[in-house]
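Chemist: Encoded as structure tokens, here's the structure I'll be asking about.
The values are calculated or read from the model by the stated rules, or taken from the named source; none is laboratory data. Computed from a predicted structure; not experimentally measured. When we count neighbours, we look across all protein chains shown, and the Cβ atoms used for this are built from the backbone with ideal geometry, even at glycine.
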Amino acid sequence: MNRDDITRKLADFILTDILNRPDYPLTEDEPLITGGLIDSHSLVRIAVFAEQETGVSIPDTDLTVKNMDTLRLIVDRIMAER
Amino acid sequence: MAGQYPVADHHSLVEPLLERIARRPDELALTLIEDNGSEQKVSVGELNARAASIARALAGEGLEPGDIVILALRHSLDLIAGLWGVLYAGGIPSIFPYLPPEPNVEKIGQQLRMLVSGSGAGALLTLPEFRDSLAEDLASLGCRVTAPQAMLRDSGRSLSDIPLRFTSGEEIAYLQYTSGTTGLQKGVLLSHRAILHCVQAYARALDLKDTDVVVNWLPLYHDYGLFAGLMLSLLTGIPAVLMSPFKWVRNPKSLLWAIHRHRGTLSWMPNSAYSHAVHSVRTEDLAGLDLGSLRCLGSAAEPVMRRTQQDFLERFAPFGFRETALMTGYGMAENSMAITVSPVGRRAPIDWVEARALQTERFARPATPGDPGAIPIVSCGSAVEGTDIVIADDRGRPVPERGVGEITIRTASLFSGYHRRPDLTALAFRDGWFLTGDLGYLAGGQLYVCGRKKDLIIQAGHNIHPEDIEAVAASVPGSASGQVVAFGVPDERLGTEKIVLVCDLRRRADEAEKVSLERELRRRVFEELGVTLGEVYLMEKTWIVKTHNGKITRGANRQKYVSEIQKGT
């Protein structure tokens, strides 16, 4: 999976499984937590999904708003570990 | 036997702990799980030594008995030692929500300033970075700011030096703040007697044993976290294993493994947390896990959903989790904590009733499980000792068995009043009965909670006032100030309530404008209140229902949402 594949998979998971809104125009730089779109519990679900899909495990101490507030930050983090 | 421990014979919360210290100072009191996973074991004697130094330092700084001391710290031994130190010194502790890992120092500073000024607190125990920025400002309000670390220097001295002060039992032991912005927050004053009674009644209801081990992540600023998660064990002599709520949210499997390692028998969490554990733990991470030691996993702080309990059971039964451990209960800060507990050793009963009759006739007519129109309501159990429950109609008259009305209570664990708000205290009681604001019915000695008279939203165990959300939303430019309504709707997928916000724009708006307005509303509500909105609706035509005199009633709008919007999705 390349970067675009991972981005697409995560975006799809967020829109369908978390937001339950497939049509929402999510952008890569949109703040997810501080933008009030998803809560911190959902961030953990995203991390668990990402681990399942990519094999990259993000330690729980790194699941912070600062590190994970946008789709781009999450994908950056995954790419850096691969 | 821990269950027979005569906690309620004492006059002060301090006495049972001091007796433990005198008997067995080396006994393990607490195990604190740090965020990095390491564990710190604390004996009764060590906790006492730290609490004693803090008490001496507070007394040395001029703390008077009855002074309020706010503890704004994190999950740590400092917090627990600080709590007992304040009690030793005769002060009234009040725990502020835990400072997050990435705190907004300025915003939290503002909240603390407002809390100190509203409560009249005499001291604030906090982290050094907050002390430095707040000390000067709060001094003008007569509040000293100290970091507990700075108070631990003289911990070598003996217990006899502590300025211990035993109380009459009726004196206030703890100030529990309910959630909400300053105007809506209420300070619940709890006496030593009320808390001691609460802990004893709860220990009896759980049939507490010497072999019990508490494993708890609920924060100590929450009633269940403080009284079930900490005080129950410290006062009765069973060990407690504590972890931070931030750790739990980010890594829910860490709680399950803590239960496994410590052979935990008792734990509590809100309904939504069961759901979080189901969805946010990978099966690969559970190999070898054994939850067989757990005898009570208590659902606390928000309505129990049958589906969530079932999902949890199906997910974790293969790891030894027992169906009989699914415990429920009903409680609130004004009653110290628990009002009811479901019977130990068996799963909480489920009552299937006709949904329509519940709504329109306010009667819980039994129905066949699974029938169309039948809904399951999970029992919250029966009253703990020293607790009377009456279901009352709007005029305060008791309703018959299975009749739905307001849950009113008269108990030995009730609060002494709202701090500095005698007006609110007077409104909360009718002829000596506390009006909970929750709707429910009694059937076969079990209490079933089935709604709320008040507009409060309860999300993931946090109480949220819709007024706060509406005020923020109305201040967002373009949202048609005043024409907004917020309410909570149970969402089985999340295991909690989702928050719905509706704004009547009463004008045409294209999709791009709506998306940008929705983003702004979500961002502002999160920024101001830390609350994540579930659904936002921006209506071009008038949607919000009002009464004939123009008042927006949240209940009516919630009904309209359920029948018009939710049905269609």
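Chemist: Please go through (1) closer than 21 Å to residue B:344 by Cβ; (2) surrounded by fewer than 24 Cβ atoms within 10 Å (Cβ to Cβ) for residue B:229 and return the number of the only condition it doesn't satisfy.
Modeler: For residue B:229, the exception is condition (2).
Chemist: Looking at segment B:503-514, which of its residues are without any contact (Cβ under 8 Å) to a residue 24 or more places away in the chain and either in a loop (DSSP other than H, G, I, E, B) or surrounded by 15 or more Cβ atoms within 10 Å (Cβ to Cβ) (or both)?
Modeler: Within segment B:503-514, just B:510 meets the criteria.
Chemist: Test residue A:16 against the criterion of being more than 8 Å from every other protein chain (Cβ to nearest Cβ) and either buried (at least 18 other Cβ atoms within 10 Å of the Cβ) or not in a helix (DSSP H, G or I) (or both), and give yes or no.
Modeler: no
Chemist: Before we move on, is residue B:249 farther than 23 Å from residue B:32 by Cα and among the hydrophobic types (A, V, I, L, M, F, W, C)?
Modeler: So residue B:249 does not fit the description; no.
Chemist: Among the residues of segment B:25-81, which ones are small (Gly, Ala, Ser), without any contact (Cβ under 8 Å) to a residue 40 or more places away in the chain and within 14 Å of another protein chain (Cβ to nearest Cβ)?
Modeler: Residue satisfying the conditions is B:38 alone.
Chemist: Those residues that are at negative phi and in a loop (DSSP other than H, G, I, E, B), I need them from segment B:411-458; list them, please.
Modeler: Of everything in segment B:411-458, those that are at negative phi and in a loop (DSSP other than H, G, I, E, B) turn out to be B:412, B:413, B:414, B:415, B:416, B:419, B:421, B:453, B:454, B:455, B:456.
Chemist: Out of the residues in segment B:519-535 that are over 22 Å from residue B:302 (Cβ atoms) and more than 9 Å from chain A (Cβ to nearest Cβ), state the one that is farthest from the chain's Cα centre (by Cα).
Modeler: Restricting to residues being over 22 Å from residue B:302 (Cβ atoms) and more than 9 Å from chain A (Cβ to nearest Cβ), the top hit is B:520.
Chemist: Mind checking which pairs have a first residue in segment B:97-111 that is at pLDDT 90 or above and a second that is assigned to a helix (DSSP H, G or I), Cβ under 6 Å, 6 or more apart or different chains?
Modeler: Sorted first by the residue in segment B:97-111, then by its partner, the pairs are B:109/B:133; B:109/B:134.
Chemist: Related question: Which residues, counting only those in segment B:536-560, are among the hydroxyl-bearing types (Ser, Thr, Tyr) and within 15 Å of residue B:455 (Cα to Cα)? I'd like the intermediate steps shown before the answer.
Modeler: Of the residues in segment B:536-560, the ones among the hydroxyl-bearing types (Ser, Thr, Tyr) are B:537, B:542, B:547, B:553.
Scanning segment B:536-560 gives a single hit, B:553.
Chemist: Any residue that is in the same structural domain as residue B:195 (by TED's automatic domain parsing), at pLDDT 90 or above and part of a helix (DSSP H, G or I) - is there at least one of those in segment B:34-45?
Modeler: Checked against the condition, which is being in the same structural domain as residue B:195 (by TED's automatic domain parsing), at pLDDT 90 or above and part of a helix (DSSP H, G or I), segment B:34-45 yields at least one hit.
Chemist: Report the residue count in segment B:64-76 for those that are under 19 Å from residue B:229 (Cα atoms) and surrounded by 19 or more Cβ atoms within 10 Å (Cβ to Cβ). Steps first, answer last, please.
Modeler: Residues of segment B:64-76 that are under 19 Å from residue B:229 (Cα atoms), as a first pass: B:71-76.
Filter once more, so that each one left must be surrounded by 19 or more Cβ atoms within 10 Å (Cβ to Cβ): B:71-73, B:75.
Matching residues across segment B:64-76 total 4.
Chemist: When you look at residue A:39, is it in contact (Cβ under 8 Å) with a residue 12 or more places away in the chain and of a type in the set (Asp, Glu), yes or no?
Modeler: no
Chemist: Considering (1) of a type in the set (Gly, Ala, Ser); (2) within 14 Å of chain A (Cβ to nearest Cβ); (3) within 21 Å of the chain's Cα centre (by Cα), say which one residue B:473 fails and leave the rest.
Modeler: If we test residue B:473 against (1) of a type in the set (Gly, Ala, Ser); (2) within 14 Å of chain A (Cβ to nearest Cβ); (3) within 21 Å of the chain's Cα centre (by Cα), just (3) comes out false.
Chemist: Just one of A:27, A:34 is of a type in the set (S, T, N, Q), within 22 Å of residue B:245 (Cβ to Cβ), modelled with pLDDT of 95 or more and surrounded by fewer than 19 Cβ atoms within 10 Å (Cβ to Cβ); which is it?
Modeler: On the way: A:27 fails: within 22 Å of residue B:245 (Cβ to Cβ).
Sole residue among the options that is of a type in the set (S, T, N, Q), within 22 Å of residue B:245 (Cβ to Cβ), modelled with pLDDT of 95 or more and surrounded by fewer than 19 Cβ atoms within 10 Å (Cβ to Cβ): A:34.
Chemist: Within the group B:357, B:348, which residue is crowded, with 16+ Cβ neighbours inside 10 Å, among the aliphatic types (A, V, I, L, M), out of contact with any Pro (no Cβ under 8 Å at 6 or more places or on another chain) and assigned to a loop (DSSP other than H, G, I, E, B)?
Modeler: Numbers: B:357 fails: assigned to a loop (DSSP other than H, G, I, E, B).
Criteria check complete, one pass: B:348.
Chemist: Sticking with this one: Any residue in segment A:35-44 that is part of a helix (DSSP H, G or I) and more than 10 Å from every other protein chain (Cβ to nearest Cβ)?
Modeler: Taking segment A:35-44 and keeping what is part of a helix (DSSP H, G or I), we get A:40-44.
Among the residues that remain, those that are also more than 10 Å from every other protein chain (Cβ to nearest Cβ) are: none.
No.
Chemist: Considering segment B:433-446 alone, what residues qualify as being over 22 Å from residue B:360 (Cβ atoms) and out of contact with any helix residue (DSSP H, G or I) (no Cβ under 7 Å at 6 or more places or on another chain)?
Modeler: Those that are over 22 Å from residue B:360 (Cβ atoms) and out of contact with any helix residue (DSSP H, G or I) (no Cβ under 7 Å at 6 or more places or on another chain): B:433, B:436, B:444, B:445, B:446.
Chemist: Just to be sure, is residue B:477 surrounded by fewer than 19 Cβ atoms within 10 Å (Cβ to Cβ) and within 27 Å of residue B:337 (Cβ to Cβ)? Outline the logic, then answer.
Modeler: Details: surrounded by fewer than 19 Cβ atoms within 10 Å (Cβ to Cβ): yes; within 27 Å of residue B:337 (Cβ to Cβ): no.
For residue B:477, the condition - surrounded by fewer than 19 Cβ atoms within 10 Å (Cβ to Cβ) and within 27 Å of residue B:337 (Cβ to Cβ) - is not met.
Chemist: Select, from B:377, B:391, the only residue that is within 24 Å of the chain's Cα centre (by Cα), in a strand (DSSP E or B) and within 24 Å of residue B:326 (Cβ to Cβ).
Modeler: B:377
Chemist: When you go through B:484, B:500, B:489 one by one, which is the residue that is on the phi < 0 side of the Ramachandran plot and surrounded by fewer than 20 Cβ atoms within 10 Å (Cβ to Cβ)?
Modeler: Answer to the selection: B:489.
Chemist: When the residues of segment A:53-77 are narrowed to those that are assigned to a loop (DSSP other than H, G, I, E, B) and either touching an Asp or Glu at 6+ places or on another chain (Cβ under 7 Å) or at the interface with another protein chain (Cβ under 10 Å from one of its Cβ atoms) (or both), which ends up surrounded by the fewest Cβ atoms within 10 Å (Cβ to Cβ)?
Modeler: Taking the candidates together, the pick is A:59.
Chemist: Follow-up. How many of the residues making up segment B:254-273 are touching a Lys or Arg at 6+ places or on another chain (Cβ under 9 Å) and either more than 9 Å from chain A (Cβ to nearest Cβ) or not in a helix (DSSP H, G or I) (or both)?
Modeler: The number of residues fulfilling the criteria is 3.
Chemist: Quick one: is residue A:69 more than 10 Å from the chain's Cα centre (by Cα), among the acidic types (Asp, Glu) and at pLDDT 95 or above?
Modeler: Considered against the rule, which asks whether it is more than 10 Å from the chain's Cα centre (by Cα), among the acidic types (Asp, Glu) and at pLDDT 95 or above, residue A:69 comes out as no.
Chemist: Are there any pairs with C-beta distances below 9 angstrom linking a residue in segment B:387-411 that is more than 16 Å from residue B:446 (Cβ to Cβ) to a residue that is among the basic types (Lys, Arg) and part of a strand (DSSP E or B), with the two at least 6 apart or on different chains, and if so which?
Modeler: B:392/B:430; B:396/B:430; B:408/B:430
Chemist: Picking from A:80, A:50, which residue would you name as being of a type in the set (A, V, I, L, M, F, W, C), surrounded by fewer than 18 Cβ atoms within 10 Å (Cβ to Cβ) and not in a loop (DSSP other than H, G, I, E, B)?
Modeler: A:80
Chemist: For the condition in contact with a Leu (Cβ under 7 Å, 6 or more places away or on another chain), more than 14 Å from every other protein chain (Cβ to nearest Cβ), closer than 19 Å to residue B:74 by Cα and in a loop (DSSP other than H, G, I, E, B), what is the one hit in B:291, B:226, B:220, B:230?
Modeler: Unique residue meeting the criteria: B:220.
Chemist: Restricting the search to segment B:394-416, which residues are modelled with pLDDT of 95 or more, under 12 Å from residue B:437 (Cα atoms) and charged (D, E, K, R)?
Modeler: Listed by number, the list holds a single entry, B:406.
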